Amino acid sequence: MQPPTLQDVYAARRIVYRHLLPTPLIRSAAMSEDLGCELYLKLETATPVGAFKVRGGLNLLSQLPDDERARGVITASTGNHGQSIAYAAKTFGVRAIIAAPAGANPDKVASMRRLGAEVVLTGRDFDAARVWAQEEARLKGYRYVHPSNEPLLIAGVATASLEVMEAVPDVDIILVPIGGGSGASGHCIVAKSLSPTVKVIGVQAEKAPAVYLSWKAGTCVETPDAATWAEGVATRIAFDLPLGILRAHLDDIVLLSEEELRQGVLFLLQAAHQLAEPAGAAPAAAARKLGERLRGLKVVLIVSGCNITQDQLTRVLTDPNPW
């Protein structure tokens, strides 16, 4: 399976822009002052599903062969990828089945169902749901959409990086959360192609470090669990296609504690008045952790999603140790 090229990303943009507007990229004066750098926020929270993933779903489903459209698609997700597939399936008139963990974010589940997808809650976590979806596809003939091992999906989400590089062409560092790795892969492909000096730094939870361990080891590593409250980065295993891209181009990975993730949500809310889910706020938390490494530089944080539940937000605001 070949990774997408920069040309593939430009082609994806022509498709994505038929359905979406570019998302805002804003400079945060308060965060810049706090961190001693020029800091910008790429607000993927402004998409119709509140997350960057929708770009990939639109690009992939728009190019399905007729027989796959007729059979319908199935995938697994903790929520944002599932919303992406549900949104694209509704756009192109395709049946969509989404497997989500039994304890999935209820707001994301409701959104997927509102968009017309059939949501099956199964398994203890994302990876268990993914195994179920793969088997269901084999048994019933659905087109299985892998959450990360899909070149068209990666090319689609990478259109966000084109917007970053066009708005801030002299950016020094891009900080991006890593779950399955599609978003970080897209930024590696685009940013490194357009500006070889830019550094792309990924962010993971200490309690879900599968991609970090795999990136270090050079092969896909599976962990026993992914016990982070940041469901957007909660995966127990890395995937071949994005891992290969990250191994070739990613400059570093920052690991965050659960408290650091909580502080990231607060930092974005208090300093920039931007609401993000924990995965979406992970780059803000990582920026604080990197400290002096960012001083004097031009930095873009990818705020990848805002689908935090009211209960999660209440606990973030009121409980110093909610997790």
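The values are calculated or read from the model by the stated rules, or taken from the named source; none is laboratory data. Here the structure is a predicted model, which means the values were calculated and not measured. Heads up, the Cβs are rebuilt from the backbone with ideal geometry, glycines too, and the neighbour counts pull from every protein chain shown. Just so you know, the surface numbers come from the protein's heavy atoms only, side chains and all, with ligands and any DNA or RNA stripped out. Shrake-Rupley method; radii C 1.70, N 1.55, O 1.52, S 1.80 Å.
How high is the FRET efficiency between residue 273 and residue 297 when r is their beta carbon distance and R₀ equals 30 Å, given to the nearest 0.05? Present the calculation step by step, with values, prior to reporting the outcome.
Details: r = 23 Å, r/R0 = 0.78.
Result of the calculation: an efficiency of 0.80.
Rounded to the nearest 0.05, what FRET efficiency do residue 102 and residue 266 give with R0 = 45 Å and r taken as the Cβ-Cβ distance? Could you check? Write out the running numbers ahead of the final one.
Details: r = 29 Å, r/R0 = 0.64.
Using R0 = 45 Å, I get an efficiency of 0.95.
Among 33, 292, what's the order by accessible area (1.4 angstrom probe), most exposed first?
From most accessible down to least: 33, 292.
Distance between the C-alpha centers of the stretch 73-105 and the stretch 2-54? Whole Å please.
Using only Cα atoms to place each centre, the spacing works out to 21 Å.
Can you tell me which lysines have their Cα less than 23 Å from the Cα of residue 90? Leave out same-chain residues fewer than eight positions away.
Qualifying lysines at Cα under 23 Å: 53, 108, 140.
What FRET efficiency comes out for the pair residue 170/residue 18, r = Cβ-Cβ distance, R0 = 41 Å, nearest 0.05?
Using R0 = 41 Å, I get an efficiency of 0.85.
Expected output is a single nm value to one decimal: the length gained when fully extending between residue 69 and residue 90, i.e. 0.36 nm times separation in residues minus the C-alpha distance. What is it?
Full extension from residue 69 to residue 90 adds 6.4 nm.
Work out, step by step, the length gained on full extension between residue 222 and residue 120: first 0.36 nm times the residue separation, then minus their alpha carbon distance; give nm to one decimal.
Gain on stretching residue 222 to residue 120: 34.3 nm.
Which residue, 128, 100, 51, has the most motion in a Gaussian network model of the chain that connects Cα atoms within less than 10 Å?
128
If we sort 270-276, 218-224, 283-289, 193-199 on the protection proxy, mean other Cβ atoms within 10 Å, highest first, what's the order?
Averaged packing, sorted descending, gives the order 283-289, 270-276, 193-199, 218-224.
At what distance in nm do the modelled label points of residue 197 and residue 259 sit from each other, each positioned 7 Å from its Cα along Cα→Cβ?
With each label placed 7 Å out from Cα toward Cβ, I get 3.8 nm.
Run the numbers for residue 110 and residue 2: contour at 0.36 nm per residue of separation, minus the present Cα-Cα distance, in nm.
Contour length minus Cα-Cα distance gives 35.4 nm.
Once you place label points 7 Å from the Cα toward the Cβ at residue 134 and residue 240, how far apart are they in nm?
With each label point 7 Å from Cα toward Cβ, the separation is 1.1 nm.
Is the shape of the stretch 126-283 best called rounded, prolate or oblate, per the rule: a/c under 1.5 gives rounded, else a/b larger than b/c gives prolate, else oblate, with a ≥ b ≥ c the square roots of the Cα gyration tensor eigenvalues?
oblate
Under 25 Å Cα to Cα from residue 216, which lysines show up? Leave out anything in the same chain fewer than 8 places away.
192, 199, 207, 289
What share of the DSSP beta bridges in the chain is antiparallel, in percent to the nearest 5?
15 percent
Heavy atoms only, probe 1.4 angstrom, no DNA, RNA or ligands counted: give me 92, 239 ranked by accessible area, highest first.
Working: 92 50, 239 15 Å².
Per-residue accessible area, sorted high to low, gives 92, 239.
Among 269, 261, 58, which one shows the biggest mean-square fluctuation in a GNM of the chain, springs joining Cα atoms closer than 10 Å?
Evaluated over the chain, the most mobile residue of the options is 269.
Using only the alpha-carbon atoms, how far is helix 80-92 inclined from the longest principal axis of the chain? Give it as 0 to 90 degrees, nearest 10.
With both axes taken from Cα atoms, the answer is about 50 degrees.
Only Cα pairs within less than 10 Å get springs; with that Gaussian network setup on the chain, which residue of 140, 192, 53 has the largest fluctuation?
140
Please report the antiparallel percentage of DSSP beta bridges with both residues in the stretch 93-237, rounded to the nearest 5. Write down the numbers at each step before the final one.
Numbers: 1 of 10 bridges.
Rounded to the nearest five, the antiparallel share is 10 percent.
What's the local net charge at residue 107, with K and R +1, D and E -1, over the other residues with C-beta under 12 Å away?
My count for the surroundings of residue 107 gives 0.
How about residue 298: which aspartates and glutamates have a C-alpha closer than 15 Å to its C-alpha, ignoring those fewer than 8 places off in the same chain?
Counting by Cα, and skipping residues close in sequence, residue 298 has these aspartates and glutamates nearby: 33, 34, 38, 166, 170, 172.
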